[in-house]
1. When you go through B:Gly287, B:Gly293 one by one, which is the residue that is within 14 Å of chain A (Cβ to nearest Cβ) and surrounded by fewer than 19 Cβ atoms within 10 Å (Cβ to Cβ)?
2. Which of the residues that make up segment A:157-173 are under 18 Å from the mean Cα position of the chain (by Cα) and part of a strand (DSSP E or B)?
3. Considering only segment B:103-139, how many residues are within 14 Å of chain A (Cβ to nearest Cβ), over 21 Å from the mean Cα position of the chain (by Cα) and part of a strand (DSSP E or B)?
4. Quick check on A:Ser90: is it over 16 Å from A:Gly148 (Cβ atoms), in a loop (DSSP other than H, G, I, E, B) and small (Gly, Ala, Ser)?
5. Evaluate segment A:241-252: report whether one residue or more is more than 8 Å from every other protein chain (Cβ to nearest Cβ), away from ligand 2 (no atom under 16 Å from the Cβ), touching a His at 6+ places or on another chain (Cβ under 9 Å) and in a strand (DSSP E or B).
6. Residues of segment A:233-253 being acidic (Asp, Glu) and buried (at least 23 other Cβ atoms within 10 Å of the Cβ), which ones?
7. Can you name the residue in segment A:166-175 that is within 12 Å of ligand 1 (Cβ to nearest atom) and surrounded by fewer than 24 Cβ atoms within 10 Å (Cβ to Cβ) and is also nearest to A:His107 (Cα to Cα) among such residues?
8. Scanning segment A:296-338 for residues that are in contact with a Pro (Cβ under 7 Å, 6 or more places away or on another chain) and modelled with pLDDT under 95, which turns out nearest to the other protein chains (Cβ to nearest Cβ)?
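The values are calculated or read from the model by the stated rules, or taken from the named source; none is laboratory data. As the structure is a computational prediction, the values presented were derived from the model and not from experiment. Glycine gets a Cβ as well: all are built from the backbone with ideal geometry, and neighbour counts include every protein chain shown.
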There are 2 protein chains.
Amino acid sequence: MTADIAAAKAALAYLDLDENPISIRAKSRDFFWYSPALKDALDHVVGDFVVTPRNEAEVIEILRVCYAHNVPVTTRGAGTGNYGQAMPLSGGCILHMKAMDNVKEIHPGRVIAEPGCILKDLDAATKAHSGQELRMMSSTYATATIGGFIAGGSGGIGSCKWGALRDLGNIIRLRVVTMEEEPRILEFTGEELARVSHAYGTNGIITEIEMPLAPAYDWTDLFVTFDTFPAAAQFAADLAEQDGILIKVASVFEAPVAHDYFLRVKPHVTPETHLVALAVAPHSMDGFLTFLGRRPEASLLYRSDQENDWKRGPGPIFEYGWNHTTLRALKVDPSITYLQVRYGFPDYMEKIETIRKEFSPEILQHLEVMRESGKVIFAGLTMVKFTTQERLDEIIRRHEEIGALIFNPHRYTLEEGGRQTVDDRQLRFKQEADPKGLLNPGKMISWDDPDWTFDGMYSYPKIQSPA
Amino acid sequence: MTADIAAAKAALAYLDLDENPISIRAKSRDFFWYSPALKDALDHVVGDFVVTPRNEAEVIEILRVCYAHNVPVTTRGAGTGNYGQAMPLSGGCILHMKAMDNVKEIHPGRVIAEPGCILKDLDAATKAHSGQELRMMSSTYATATIGGFIAGGSGGIGSCKWGALRDLGNIIRLRVVTMEEEPRILEFTGEELARVSHAYGTNGIITEIEMPLAPAYDWTDLFVTFDTFPAAAQFAADLAEQDGILIKVASVFEAPVAHDYFLRVKPHVTPETHLVALAVAPHSMDGFLTFLGRRPEASLLYRSDQENDWKRGPGPIFEYGWNHTTLRALKVDPSITYLQVRYGFPDYMEKIETIRKEFSPEILQHLEVMRESGKVIFAGLTMVKFTTQERLDEIIRRHEEIGALIFNPHRYTLEEGGRQTVDDRQLRFKQEADPKGLLNPGKMISWDDPDWTFDGMYSYPKIQSPA
Ligand SMILES: Cc1cc2nc3c(=O)[nH]c(=O)nc-3n(C[C@H](O)[C@H](O)[C@H](O)COP(=O)(O)OP(=O)(O)OC[C@H]3O[C@@H](n4cnc5c(N)ncnc54)[C@H](O)[C@@H]3O)c2cc1C
Ligand SMILES: Cc1cc2nc3c(=O)[nH]c(=O)nc-3n(C[C@H](O)[C@H](O)[C@H](O)COP(=O)(O)OP(=O)(O)OC[C@H]3O[C@@H](n4cnc5c(N)ncnc54)[C@H](O)[C@@H]3O)c2cc1C
């Protein structure tokens with residue numbers, strides 16, 4: 001089974017086809033370089049051509065042609081994924097979704113849109129229509145697509161209230177095109193959603209999305225400072241447990257993150273300042289300020305709804321949280337990398353303090369309040385001063401020893417980035433929907449190597465060899 | 001200090017004054033008869049006249065006049081309170097708020113209204129204006145006022161998501177008139193709200209209210225049945241812990257409540273059916289049905305969003321829950337009374353089962369899912385087949401022994417119906433705002449008898465003597 005790239009290109013020439021090597025290279029990359037391990041493994045990876053469908057019919061045509069000519073297809077939203085999810089390990093076609101960006105219908109509590117719509121544009125449309133917005137969004141909100149968020153993301157701003165993207169109810173319906181001789185169109189709801197959500201486009205192309213909405217408010221952005229890290233983390237968790245106070249994000253940053261990596265915050269804090277960043281609904285501000293008044297350990301540093309003496313405002317607060325924290329750190333100190341940790345209920349505080357005592361400041365805590373099974377928990381997007389792969393592995397092992405779940409962000413496969421188990425629903429659907437295994441090759445271990453045992457990093461045998 | 005009723009009436013004659021003995025008697029009563037103990041203690045209580053102010057200026061005038069003539073003032077919303085909260089123990093003036101029912105302003109996330117507005121009318125206004133509704137409401141939604149809910153209620157439909165009325169953020173602002181020679185107008189937010197919310201109108205009259213709003217949806221009403229009670233309760237708790245599935249109420253009824261007391265449900269169940277009643281957001285129905293599909297022990301009996309074979313529909317689902325359950329039971333069996341229990345996190349299931357093993361079917365469980373400090377818990381509005389006061393006290397004692405908090409609904413004072421402790425904030429504000437102690441006399445023990453020790457039922461010494 002060899003790919004006939006030339007034939008596929010010829011057959012697709014009437015579409016929006018990009019053959020410029022510089023732009024192909026750009027569109028073959030995502031934020032994989034966040035990870036030193038992925039940077040080593042994937043830096044050379046490049047597709048053969050980029051095609052940008054304008055509608056579902058064109059998607060079907062592209063898949064039909066690529067199927068006929070054995071050409072791998074790797075879908076691209078905005079390429080903000082940070083595990084190389086959108087990188088074409090075997091070259092081939094980059095299916096760029098940016099032109100399919102229509103918002104089709106808006107109703108109370110839900111929206112129907114095409115996958116290429118940018119999160120920010122989607123929110124603008126639902127807000128203008130009826131004061132609604134997405135329940136949750138990636139911190140790459142200004143650039144990422146809704147399709148990429150569903151196929152490659154996990155949650156983010158809003159997850160302190162609504163849980164993760166995979167939780168029941170957080171996606172309503174997905175329309176999917178298969179990679180077969182005659183591509184089929186399928187509509188998934190309920191249990192079927194798990195087949196293709198967070199599947200990196202390995203088993204179908206999402207062409208329409210129905211998502212639940214929440215009310216949109218003019219959220220008040222806030223920074224609150226603390227002298228100790230446990231006080232900051234406890235404040236965020238306790239605030240999130242206030243059932244009557246509506247918040248959208250609560251991020252906790254160990255000192256000296258605020259001082260060293262948040263350049264606009266720096267003039268207002270010291271290296272010893274632990275910071276909490278919050279977005280609070282305007283009509284919850286009275287409740288929030290009452291809560292704050294009961295916590296003498298907390299000092300209000302900034303609120304976006306009042307005049308202040310900041311010469312340069314901090315910008316949107318949510319662009320300090322989730323993966324944006326690491327991005328800010330990386331800009332100051334390129335030796336920083338990170339881990340994704342889950343500190344579960346109920347003993348999250350003890351686990352975090354155990355890790356801090358053993359590793360701070362080699363690793364610095366960055367926590368995000370989440371909801372999991374109705375409880376407040378913390379996601380850790382821990383910043384690590386990278387030295388060697390061995391040391392990183394040791395740090396990961398220590399987290400696992402104390403029961404802090406790690407989602408390894410230094411791996412490009414679905415399984416290794418998740419719970420290291422095969423998702424049977426995704427695998428079975430791939431067998432049905434992508435019989436030739438042409439969709440985003442190398443990202444689903446269970447397809448390529450069912451006996452893989454997860455000791456050591458998986459390396460896709462058919463990855464392009466470096467030039 | 002004797003009340004000069006005649007002088008007060010003369011001075012207020014230009015207002016909407018009601019002197020008809022039959023209507024005065026009707027407006028002196030609430031749902032106190034729910035409780036056999038309160039029925040005995042309060043049945044004879046009656047005011048001297050009713051006055052219905054049209055605006056805050058008239059409220060001030062009434063308070064000024066009554067202060068001058070030492071006339072007690074007991075405020076009335078709709079009189080749906082069930083602890084005799086609105087009953088004038090020392091006679092005097094009934095201040096009826098029904099004419100002050102304006103909805104003044106509606107904004108994203110909040111509404112400003114007068115206290116006499118009926119909950120249902122308030123919701124209709126905010127829904128029509130911008131698709132919003134109150135976060136929570138009493139099950140007496142169709143008749144109760146927002147002022148009475150705040151001054152006398154505690155929570156209800158919506159509390160499974162937003163917690164109790166007293167939780168920070170669930171009331172934004174209250175405007176209050178004091179009972180002094182020269183009544184003052186005060187605006188309360190934050191910590192000050194606790195002075196007058198749930199104070200039974202003992203220390204000020206609420207004349208304007210600012211409440212947070214949630215999005216209004218066309219909630220789908222559902223009944224789900226179970227063969228065992230623990231399965232039903234666990235289902236409700238687990239559903240409430242699904243962060244992505246938006247619900248408004250989740251009530252659990254032990255068999256044979258559904259069969260014996262819910263007349264329209266009876267044809268569809270057996271005496272062995274345990275029932276869960278739910279309201280689910282329409283855009284969460286896919287998530288809900290997926291959750292349901294994972295629970296073979298649960299059978300869907302009714303959903304309001306589809307055709308069904310019910311000859312007579314059940315009516316709004318929330319009128320089965322909260323205190324309406326007891327109302328339905330009482331209509332069938334007048335010997336039923338009830339208890340208010342708090343089964344806290346995390347061991348609520350064990351506590352409930354302990355009580356059930358010892359007392360069912362003498363007492364039948366009715367649970368409401370609530371949120372408390374960010375956790376799902378159960379409020380119990382347990383139905384009790386009343387025999388003697390001694391037996392009721394024994395049942396209460398047993399609940400307390402196993403750590404199930406009881407809010408005694410067979411008492412008419414603030415303290416006994418609450419946590420049996422003096423609320424200093426309310427007492428201190430009464431000293432300031434009602435120096436003569438004329439507002440709703442006999443309802444705040446700490447005012448009348450600071451040394452009261454809470455053994456046995458408090459009996460207000462200056463209560464009217466039975467005719
Ligand atoms: C600074 C930064 C911050 C981030 N913050 C967050 C965060 O808060 N939360 C979070 O979850 N993630 C976060 N991420 C990761 C990433 O941004 C999100 O997952 C984002 O939503 C991806 O969207 P995208 O359009 O860029 O998708 P891409 O990166 O282009 O694609 C992501 C995956 O989805 C697949 N895909 C895209 N469109 C389709 C489609 N239509 N059908 C099938 N498969 C498709 C791609 O093949 C790829 O595997 C962050 C990344 C960075 C760099
Ligand atoms: C069948 C039934 C179901 C119920 N369900 C619930 C429930 O789900 N949740 C719940 O919390 N309660 C419930 N209750 C209790 C009661 O209905 C609620 O508390 C209700 O909101 C009271 O409103 P109301 O207008 O009838 O007030 P009233 O009964 O008229 O007054 C209640 C108290 O508030 C005071 N008050 C009224 N207006 C003012 C004002 N403007 N300023 C100062 N004080 C004032 C009164 O003096 C009185 O002490 C229920 C009662 C019944 C009978």
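1. Details: B:Gly287 fails: surrounded by fewer than 19 Cβ atoms within 10 Å (Cβ to Cβ).
None of the other options fit; the residue is B:Gly293.
2. Passing the criteria: only A:Ile157.
3. 5
4. On the way: over 16 Å from A:Gly148 (Cβ atoms): yes; in a loop (DSSP other than H, G, I, E, B): yes; small (Gly, Ala, Ser): yes.
So A:Ser90 passes the test.
5. Scanning segment A:241-252 turns up at least one residue that is more than 8 Å from every other protein chain (Cβ to nearest Cβ), away from ligand 2 (no atom under 16 Å from the Cβ), touching a His at 6+ places or on another chain (Cβ under 9 Å) and in a strand (DSSP E or B).
6. Kept after step one, since they are acidic (Asp, Glu), are these residues of segment A:233-253: A:238, A:241, A:243.
Hit for segment A:233-253 is A:Asp243, nothing else.
7. The selected residue is A:Arg175.
8. A:Tyr338
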